[in-house]
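Below: one structure, written as structure tokens.
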Amino acid sequence: MLQHFIDRFVQWCYYSQDYAFIRDPKYGVPFLQSAHLTGITLLLGTILALNLRLLGVGLGRLPLPYLAGQLWPWMKTGLVLTIVAGILVFLPDPTRYAHSGPFRLKMALLCIALLYQFTIFRATVRKDPESGTKLRKIVTASVSLLLWFGVGWSGRAIAFFQ
């Protein structure tokens, strides 16, 4: 039943005139990919700044909870833009992506990174930076950076590996 639904959805994506503008290689695809990359830049830029601050590298005059409060809306904006544009990039050619190993890895890492970001990482940056151990901060930031850059690297690998 689920496979039948997926097959029908894939056919609809391929042949739907609703998404013809997205399949347009001259305007649609470059626009969507630009929006996706803009979202990634916002997302990874804010995550990088928060992780570096958590590691004690830069922005030391700003309390971590204050910085997190300032950057969190930008991070969420980047996340929403990335996901919406990513879905629209996926829809015209779902079979290509669904059968791609790097794409499946990207989706798995994205789910783990989101779960980590909105639980462990968020709780860590909202606390007083002096309350946690240095090792905990290093581990929290390192795991966050590995997950998010893993999402980005595996996304980039989609173009090179099937």
Original post:
In whole Å, what are the Cα extents of the chain along the three principal axes, biggest one first?
Top reply: 56, 32, 28
**OP:** Using the Kirkwood radius over Cα pairs, work out the Stokes-Einstein diffusion coefficient for the stretch 78-148 at 10 °C and 1.306 mPa s, in µm²/s as a whole number.
**Re:** 113 µm²/s
**OP:** Over the residues of the stretch 37-92, compute the C-alpha Rg and express it relative to 2.2 N^0.38 Å.
**Re:** 1.32
**OP:** Please work out the FRET efficiency for the pair Leu62 and Leu37, using the Cβ-Cβ distance as r and a Förster radius of 30 Å; give the result to the nearest 0.05.
**Re:** 0.65
**OP:** Could you list Ile112, Ile158, Ile40 in order of exposure, starting from the residue whose Cβ has the fewest other Cβ atoms within 10 Å?
**Re:** Ile112, Ile158, Ile40
**OP:** Among Phe149, Phe160, rank each residue by its count of other Cβ atoms within 10 Å, from fewest to most, as a rough exposure measure.
**Re:** Phe160, Phe149
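Taken together, the values in this text are just the output of simple stated rules run on the coordinates, not laboratory data. Computed from a predicted model, the values in this text were never measured in an experiment. Note that we place each Cβ from the backbone using ideal geometry, even for glycine, and neighbour counts take in every protein chain shown.
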